[in-house]
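The values are calculated or read from the model by the stated rules, or taken from the named source; none is laboratory data. Predicted model, so just to flag it, every value in this text is computed and none were measured. Cβ placement follows ideal geometry from the backbone for every residue including glycine, while neighbour counts extend to all protein chains displayed.
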Amino acid sequence: MFSDRIEMSAQQLIDAVRSAEFFDLVEITEPEPNALRLVLAEMSVDDKAGGESSPVPRALPVRRGSRDRIFEVSWERYAAYTVLNESYDSGNGEDVFEGNLFRIYSKSRYLQFVEEEIENVVFLAPGYKHWGVVCVNHIVHVIAAAEPRIFHR
């Protein structure tokens, strides 16, 4: 998608995301069978906008700006993925993860579900991990054996 893209490691993305305030899920596609590609746009609080039109007093809108980064995150092969409306996320306190907007889970209900319900996931994808991408309107959970390829512009 990007002609001027730069590949990043998962750790570099986690570091970049830690400096971001919000992300918008711009696009989700399966470019090939069992491959997944996300396009994420960084968003910032628009502190120049007045909060008068907001239903929440003194709230400021979150918007994409010209200086905000765009990331492409893709898994060559996944075992499972789920997209949730972020409003319905339970925020389960039992889940254990590293990161904030881009997470790597070491323990999660979704990982447990996949292990229990997909009998041969261990054989298809040894060493798989649970990745989570938290956006303003969506949360994407991905179970994959390999780290994603990550690019930004």
Search region 1-42 for residues being touching a strand residue (DSSP E or B) at 6+ places or on another chain (Cβ under 6 Å) and over 16 Å from residue 72 (Cβ atoms), and hand back the single one that is modelled with the highest pLDDT.
22
Looking at the structure I just gave you, is residue 130 under 27 Å from residue 45 (Cβ atoms), at pLDDT 90 or above, touching a Phe, Trp or Tyr at 6+ places or on another chain (Cβ under 6 Å) and surrounded by 19 or more Cβ atoms within 10 Å (Cβ to Cβ)?
no
